[in-house]
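The values are calculated or read from the model by the stated rules, or taken from the named source; none is laboratory data. All of these numbers come straight from a predicted model, not from anything done at the bench. A quick note on method: Cβ atoms are made from the backbone with ideal geometry, for glycine too, and the neighbour counts reach across all protein chains shown.
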Amino acid sequence: MSAESSPQPEIPPEVAPSPKQGLSLGKIVVWGGLLALLAIVGLMLNRTQKGGVAIGDRVPPDLTLTAFDGTTYRVGDLKGKVVLFNFWASWCTTCKDEAVALEQAWQQLQPRGDVIFLGLDYVDTEPDAKAYLQRYHITYPNGPDKATHWAQTFRITGVPETYIIDKNGRLAYKKIGPFRNLNEIMSAVMAVLEK
Amino acid sequence: MLAHIGYGALLLSFLFSLYAIGAAFYGAQRGRPDWLESARRAVLVVWPLLTLSAVSIVALLLTNQFQIEYVASVTSREMPVYLKITALWGGQAGSLIFWSWLMATFTFVLMLRSWKRDREFLPWVIIVTMVTLAFFLGLSLFVENPFARLWATLDGHTVKAMFRPAGAMPFTPQDGNGLNPLLRHPGMILHPPFLYAGFVAFVIPYAFAMASLITGRTDARWIRITRRWSLAAWLFLSLGLILGMRWSYDVLGWGGYWGWDPVEVAALLPWLSGTAFLHSVMIQEKEELLKHWNMVLIILTYALVIFGTFLTRSGVLSSVHAFAQSAIGPLFFAFIGITFTASLYLLMRRWNDLKSDLRIESLLSREALFTFNNMVFMGIVVVAFWGVIFPILSELVTGQKVTVGPPFYRKATGPLFALLLLLMGIAPLSAWGYASAKRLKKLIWLPVVLAFLTTGGLLAIGIRSVWALVGFWLVAFTAFVTLSEFVRGVRARMRRGEALPVAFLRLISRNRRRYGGYIVHLGVIVMATGIIGTQFFATQTQATVPQGGKITLGHYTMTYDGLQEFFAPDGRHVARAIVSVYKDGKKVGVVHPRRDFYLDSQQPMTIPGVRSTWLDDFYVILVDWQPISVEGATFKVFHQPLVNWIWTGALIFILGTLVAAWPEADPETAKRRRPRHAARREARASAS
Amino acid sequence: MKRTFWLALGLLVVLAAVASAFPAQAAQPTPTATPVITDNQVNAVAHTLYCPVCENTPLDVCGTQACAQWRELIRQQLQQGWTVEQIQQYFVENYGARVLAAPPRKGFWWLAYIVPPLAILAGLYILYRAMKQWYHPRKATAGESPAKTPETPPAAASAEDDAYLRRVEEELRKRG
């Protein structure tokens, strides 16, 4: 479109709006609705971005794991120890890559007495889970994450994921995906122990 | 090099769009037409720049530039050329650019029209469209950059960035990951473009609506200008949804086409409000009524488009559809907050100016029925929106996730859709203004009777499901009403002496909007029939059989005749079964369900073997989580009655929309031409 | 006329709300005395559940190994004579409420089922208020024949069709 040779047409001025009415029920409902929607979405987005529990936050002490052998472990009662818990499943292909290393790390750390490993079996079936534990000779406590309570608390995005709680009950470390080797596990735990 | 050109063009587009916003605003505030013209030109410049950027991405995809992170994530060496091109919208970063490109194309076309009579709209239309565009361009530039390269850092990690991070070396993978096998289907190729085109095109009427609210020109002018845009947007969105359905049906292997997945619902919501909008603006064009409704509906449509895009891409929802989570969530949230608040504020400011003296003289009049129509659509929107947002709410309040699935939606929206069908049948028979019940009864009795006869016939052939019969009655009723409209019109023309085919064609071409609309309704009716058939009467079975084995489902039997296994040239291992299909003992076809295993992404995909007729589909799929061999293969077999009516209905849809949108002489230019002619005649008369 | 209309509408809404409050009948697999459970029986139960891992994917179509394991679990449970409800209950206890196709009807989740009928009622109320403002029924004194439409009194069906056509074209002319 070439420039117009005639003078530019004028822009008609804005029509003034008619005088407003005061606050009415309808207005309150509509603005309230918008606010509520933004609040819900904002909070949810915040949750998604943050992950369930941020590093440094207190881990909910009521989280309980009932192991396959019947023993119960409650996060609140484990204060004073460093707790490493690992989400895994028998159907998870990459969990196998770290299973051996995790057991080795446990063997080395268990005698200290101030470290405990917990295995959380994520949406799995008991016979397959037990077969997995047998195959990799895992001796630290393992149990099903009933109703995916732990998984939803930490908002895991898949398996395997590993978290370490420090002696004061706060989340100190988070690993998404399998550990590459024994060293990685040991250095992660030692870093939390030394804090 | 190419990536830098592409990024540079992207950056320039962004800057020009920002300039256009500023120049248009300044021009409007100070009454400076030259600044406004400058803004308009800036908008015109954005399109070629953005096209250059998009073409660069496609070139990078085609030439296997795997050092670009996006290219590596969505293509691989052995993908065919056409898939490499369509990989442009195969991932988050590329699809955002595609979205922006569509937006730029539509605004480019918009800027080319004559703005002489609508000068006061221009600045605000530019501002609204460019703000939307700038937002999406900003996302691409700063968060999801398709031109980012891969670098290998000193400690062994691979990062992606546009410019070199300290100490890192450029890294080029040998091959890319390849497109997810599920996306390598013709339906998947067309579904995103059509869907995005529909979403983006609705921004145009929204921009005009905002302009109307800001300038105070609240008459029907903005509707008249954007009528074809709204129609096109609606058509694209409808087709996008239908293509998605077709793709699901063909590829996902569960014999269905709609799962009420949250992302599906999020795409349906703007379609619902958009359809209500299309109907509602018809009234304002005719009688300046329902102005409030029309503003609300178009604002809602725009809001649902942005909200749906946000839900799909922010990671708040997870589903088979959703893109991976990224940082664009919070940015989208800010954009939503600003635009929703601004739209609502502008609407409230002008609420009283939108008043019209609506007098509904009869509850059966067109105005009343259109109001009911709007309310029913809104009802479905509210209910479906609640279904989408509830899982999010549940997670916030109870900490636990829940699924809101088909049982909820079927019960909540089914009756409302049925009500819409009923309205679709009654509305054509009602008249503007006063419509007496007596007159309506006169016109309605025949379709009602015919519908009952049809339902009786269905009962006779053994159909017993109550809801299905109700559905079929509604479908038949609406079909007969719509057809009767054609019959009456053609008969009236024929009485004037026209032959049948001429009468028919002239009837449609003289009243394109009305009869185009009726054709679209017929398309909807045909689709509804298909939906009722599949929802109520589909059956399935699953069994493992060795070669030579048989599986029976209803009237049909299939035999597993043999298996072929081979490697395809584009990197797939294919297991192709040969299955013969028998109906009532007679052989009716051979189908070839197969399992493709993609070596590059290590993912399987199953393609069904389908025998299709207008009456039903016999659909056989290989179950790929069980072994497939001549000793035994597991088949899932579906019988889908009337499913092809859904796709046929879609074609009728398109035809109807084209008829309705076909250009007629703009009524306002025609009116103005008459006075000019009269003036010329007068001049000639006075001269002679 | 007006009162009957609102009465009928209100009745319809109440009926719909009542009908929707009743839980849907879950698909019952054919009860079998023999321990051989067919794929179809497993699928029928799996169809009412969602994959605990891959979101929004029904359990009978999910292709992952995990889903195959769960279907095997369902098969074993059916062999042991569990009912569909018991299997669903087991899945909810172990994997969370999201394995069900719709939220359980307890606690906070009741809202999922209450809000839609409430929204419909709210819509009807808005409609009622709007109609009160706009509805000015034409008195039927001028006979039942529609006075606004410009055609001659109806006689034969052909005249009415002509009139109809004329009205259509009149409308179009008015619209331009």
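Does B:G456 count as small (G, A, S), surrounded by fewer than 16 Cβ atoms within 10 Å (Cβ to Cβ) and not in a loop (DSSP other than H, G, I, E, B)? It is true that B:G456 is small (G, A, S), surrounded by fewer than 16 Cβ atoms within 10 Å (Cβ to Cβ) and not in a loop (DSSP other than H, G, I, E, B).
Quick one: in the range A:152-162, of everything that is within 12 Å of chain C (Cβ to nearest Cβ) and either in contact with a helix residue (DSSP H, G or I) (Cβ under 7 Å, 6 or more places away or on another chain) or assigned to a loop (DSSP other than H, G, I, E, B) (or both), which residue is surrounded by the most Cβ atoms within 10 Å (Cβ to Cβ)? That would be A:V159.
Only one of the listed residues (B:A197, B:A209) is farther than 30 Å from B:S601 by Cβ, assigned to a helix (DSSP H, G or I) and not assigned by TED's automatic domain parsing to the domain that holds B:I21. That residue is B:A209. All told, B:S114 meets the bar of being within 14 Å of chain A (Cβ to nearest Cβ), surrounded by fewer than 21 Cβ atoms within 10 Å (Cβ to Cβ) and not in a helix (DSSP H, G or I). Which one is nearest to the chain's Cα centre (by Cα), of the residues in the range B:226-252 that are farther than 24 Å from B:V388 by Cα and within 13 Å of chain C (Cβ to nearest Cβ)? Of everything passing the filter in the range B:226-252, B:R227 is nearest to the chain's Cα centre (by Cα).
Looking at the range B:519-534, is at least one residue touching an Asp or Glu at 6+ places or on another chain (Cβ under 7 Å), at pLDDT 90 or above and under 25 Å from B:I461 (Cα atoms)? Talk me through it step by step, then tell me what you get.
Kept after step one, since they are touching an Asp or Glu at 6+ places or on another chain (Cβ under 7 Å), are these residues of the range B:519-534: none.
Checking the range B:519-534: not a single residue is touching an Asp or Glu at 6+ places or on another chain (Cβ under 7 Å), at pLDDT 90 or above and under 25 Å from B:I461 (Cα atoms).
One residue stands out in the range B:465-483 among those that are buried (at least 18 other Cβ atoms within 10 Å of the Cβ) and touching a Pro at 6+ places or on another chain (Cβ under 9 Å): the one that is nearest to B:G656 (Cα to Cα), namely B:T482. Restricting attention to the range A:44-51, does a residue exist that is assigned to a helix (DSSP H, G or I), more than 14 Å from every other protein chain (Cβ to nearest Cβ), touching a residue at least 60 places away in the same chain (Cβ under 8 Å) and surrounded by 14 or more Cβ atoms within 10 Å (Cβ to Cβ)? Taking every residue of the range A:44-51 in turn, none turns out to be assigned to a helix (DSSP H, G or I), more than 14 Å from every other protein chain (Cβ to nearest Cβ), touching a residue at least 60 places away in the same chain (Cβ under 8 Å) and surrounded by 14 or more Cβ atoms within 10 Å (Cβ to Cβ).
The set of residues in the range A:72-118 being outside any strand (DSSP E or B), of a type in the set (A, V, I, L, M, F, W, C) and within 14 Å of chain C (Cβ to nearest Cβ) consists of A:A89, A:W91, A:C92, A:C95.
Being in contact (Cβ under 8 Å) with a residue 40 or more places away in the chain and at positive phi: is that true of B:G178 here?
Numbers: in contact (Cβ under 8 Å) with a residue 40 or more places away in the chain: yes; at positive phi: yes.
It is true that B:G178 is in contact (Cβ under 8 Å) with a residue 40 or more places away in the chain and at positive phi.
B:A384 meets each of the listed conditions (1) under 19 Å from B:H279 (Cβ atoms); (2) in contact (Cβ under 8 Å) with a residue 40 or more places away in the chain; (3) at the interface with another protein chain (Cβ under 7 Å from one of its Cβ atoms); (4) touching a Leu at 6+ places or on another chain (Cβ under 8 Å) apart from (3). Every listed requirement among (1) at pLDDT 95 or above; (2) surrounded by fewer than 15 Cβ atoms within 10 Å (Cβ to Cβ) is met by B:H573 save one, (1).
If the requirement is being surrounded by 16 or more Cβ atoms within 10 Å (Cβ to Cβ), within 9 Å of another protein chain (Cβ to nearest Cβ) and under 13 Å from C:A46 (Cα atoms), which of these qualifies: C:V84, C:V99?
Numbers: C:V84 fails: within 9 Å of another protein chain (Cβ to nearest Cβ).
Of C:V84, C:V99, the one residue that is surrounded by 16 or more Cβ atoms within 10 Å (Cβ to Cβ), within 9 Å of another protein chain (Cβ to nearest Cβ) and under 13 Å from C:A46 (Cα atoms) is C:V99.
Against the list (1) within 28 Å of B:V397 (Cα to Cα); (2) assigned to a loop (DSSP other than H, G, I, E, B), the condition A:H149 fails is (2).
Among residues of the range B:382-403 being touching a Phe, Trp or Tyr at 6+ places or on another chain (Cβ under 6 Å) and farther than 18 Å from C:E93 by Cα, the one that is surrounded by the fewest Cβ atoms within 10 Å (Cβ to Cβ) is B:V397.
Before we move on, is B:G516 assigned by TED's automatic domain parsing to the domain that holds B:T634 and either closer than 30 Å to B:L423 by Cα or not in a helix (DSSP H, G or I) (or both)? Full working, then the answer.
Values: assigned by TED's automatic domain parsing to the domain that holds B:T634: no; either closer than 30 Å to B:L423 by Cα or not in a helix (DSSP H, G or I) (or both): yes.
Against the criterion (assigned by TED's automatic domain parsing to the domain that holds B:T634 and either closer than 30 Å to B:L423 by Cα or not in a helix (DSSP H, G or I) (or both)), B:G516 does not qualify.
Count, please, the residues in the range B:138-160 that happen to be surrounded by 14 or more Cβ atoms within 10 Å (Cβ to Cβ) and without any contact (Cβ under 8 Å) to a residue 40 or more places away in the chain. Break it down stepwise before answering.
Filtering the range B:138-160 down to residues surrounded by 14 or more Cβ atoms within 10 Å (Cβ to Cβ) leaves B:138-141, B:143-153, B:159-160.
Narrowing further to those that are without any contact (Cβ under 8 Å) to a residue 40 or more places away in the chain: B:151-153, B:159.
Going through the range B:138-160 one residue at a time, the tally reaches 4.
Looking at B:S343, B:S356, B:S362, B:S319, just one residue is under 30 Å from A:V41 (Cβ atoms), outside any helix (DSSP H, G or I) and either at pLDDT 80 or above or within 12 Å of chain C (Cβ to nearest Cβ) (or both), and that residue is B:S319. Among the conditions (1) within 7 Å of another protein chain (Cβ to nearest Cβ); (2) under 12 Å from C:I120 (Cβ atoms), the only one that B:V404 does not satisfy is (2).
Taken over the range B:575-627, the criterion of being within 35 Å of the chain's Cα centre (by Cα), in contact (Cβ under 8 Å) with a residue 40 or more places away in the chain and within 17 Å of C:T64 (Cβ to Cβ) is satisfied by B:Y598, B:S601, B:Q603, B:P604, B:M605, B:T606, B:I621, B:L622, B:V623.
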